[in-house]
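Step one of this worksheet: look at the structure below.
The values are calculated or read from the model by the stated rules, or taken from the named source; none is laboratory data. None of the values given here were measured: they were computed from a predicted structure. Positions of Cβ are generated from backbone atoms using ideal geometry, with glycine treated the same way; all protein chains shown enter the neighbour counts.
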Amino acid sequence: MEWKKDGIRFEEQKEEAQVESHVAQRYIENPYLINGRKFDLRVYVLVTSYLPLKAWLYRDGFARFSNTRFSLSSIDDQYVHLTNVAVQKTAPDYDPEKGCKWQMQQLRRYLTAKHGRERVEALFNEIYNIFIRSLQSVQKVIINDKHCFELYGYDILLDQDLKPWLLEVNASPSLTASSQEDYELKYRLLEDTLHVVDMEGCLTGREKQVGGFDLMWNDGPVYREDVSLEALGSTYQIANTHLGCVNDRKKQLQQLLKPHPGQKRI
């Protein structure tokens, strides 16, 4: 078809020539397997400001497993390669009572028992870096408003070398529960999100932990106060992240939201 810059013909050709945008991702062919099954991680990050960047990491999360043992020979089998619950629950042998998830604490204990604490700490630190770098990459293009916040659902895949790969970042992640345990996790997540947002003005603004959320970035890295490693005469600070660690949110919230003497609570 001849290209002519005249009148209606030109407009028709422009419409025909419009190109759709797509994102092509490398397929990780050597995923870390547990009991022969592929899995990915769902981790929650709350951003309360982009300028300056202020981000919180939730202690709880989960691993989503495929229902079928992994094999590259069955590359077209979605039950092998896609770990989304929406896909897995349609598998013929899916058990809704058993489900296909591990809590983050369970996964961290498993990895620590198999690979040691030092290696697992390094892994989770790499995951932390993924959070920060991805947020920084969009920091200048996200519209910032002090009255807004965003809860993100990060999907992370581990390979055989315990290297984490970012699959995608979900805005408005699904809060549909697939089990009672899943319901309780997401209920706590929403409750703690509202505590961090603090619409009632109960916080001082200096908190490093609110419920199950830990402040991991506040216009710069946030460090833990309870850990200090001495090496070669220098002090190394540890990032204020506790992903997959004990979630002492209930006790912490009771202390945090306890009214001061003479203070009236509405």
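Quick one: which of GLU225, GLU184, GLU191, GLU200 is surrounded by fewer than 13 Cβ atoms within 10 Å (Cβ to Cβ), part of a helix (DSSP H, G or I) and not β-branched (Val, Ile, Thr)?
Result: GLU184 is the single residue among GLU225, GLU184, GLU191, GLU200 that is surrounded by fewer than 13 Cβ atoms within 10 Å (Cβ to Cβ), part of a helix (DSSP H, G or I) and not β-branched (Val, Ile, Thr).
Determine which member of the set LEU41, LEU123 is within 17 Å of the chain's Cα centre (by Cα) and farther than 22 Å from SER178 by Cα.
LEU123 is the lone residue from the list that is within 17 Å of the chain's Cα centre (by Cα) and farther than 22 Å from SER178 by Cα.
Anything in region 205-222 that is in a loop (DSSP other than H, G, I, E, B) and either loosely packed, with under 12 Cβ neighbours inside 10 Å or not charged (D, E, K, R) (or both)? List them, or say none.
Of everything in region 205-222, those that are in a loop (DSSP other than H, G, I, E, B) and either loosely packed, with under 12 Cβ neighbours inside 10 Å or not charged (D, E, K, R) (or both) turn out to be GLY205, ARG206, GLY211, GLY212, ASP219, GLY220, VAL222.
If I ask for residues that are farther than 30 Å from TYR27 by Cβ and in contact with a Gly (Cβ under 7 Å, 6 or more places away or on another chain), which ones from region 153-188 would you list?
ARG188
Picking from SER178, SER172, SER134, which residue would you name as being under 17 Å from the mean Cα position of the chain (by Cα) and modelled with pLDDT under 95?
Unique residue meeting the criteria: SER172.
Mind checking which residues of region 134-180 are exposed (fewer than 13 other Cβ atoms within 10 Å of the Cβ), in contact with a strand residue (DSSP E or B) (Cβ under 9 Å, 6 or more places away or on another chain) and assigned to a helix (DSSP H, G or I)?
VAL138, the sole residue that qualifies.
Is there any pair linking a residue in region 200-218 that is more than 21 Å from ASP60 (Cβ to Cβ) to one that is assigned to a strand (DSSP E or B), with Cβ under 6 Å and at least six apart or on different chains, and which?
ASN218/LYS54
List pairs: first residue in region 47-71 and closer than 26 Å to ILE132 by Cα, second residue acidic (Asp, Glu) anywhere in the structure, Cβ distance under 6 angstrom, at least six positions apart or on different chains.
What qualifies is VAL47/GLU150; PRO52/ASP219; LEU57/ASP214; ARG64/ASP40.
Can you say whether ARG108 is loosely packed, with under 13 Cβ neighbours inside 10 Å and either of a type in the set (Gly, Ala, Ser) or modelled with pLDDT of 95 or more (or both), as far as the supplied structure shows?
When the stated conditions are applied, ARG108 does not pass them.
Has region 218-230 got any residue that is among the acidic types (Asp, Glu) and either in contact with a helix residue (DSSP H, G or I) (Cβ under 7 Å, 6 or more places away or on another chain) or modelled with pLDDT of 90 or more (or both)?
Taking every residue of region 218-230 in turn, at least one turns out to be among the acidic types (Asp, Glu) and either in contact with a helix residue (DSSP H, G or I) (Cβ under 7 Å, 6 or more places away or on another chain) or modelled with pLDDT of 90 or more (or both).
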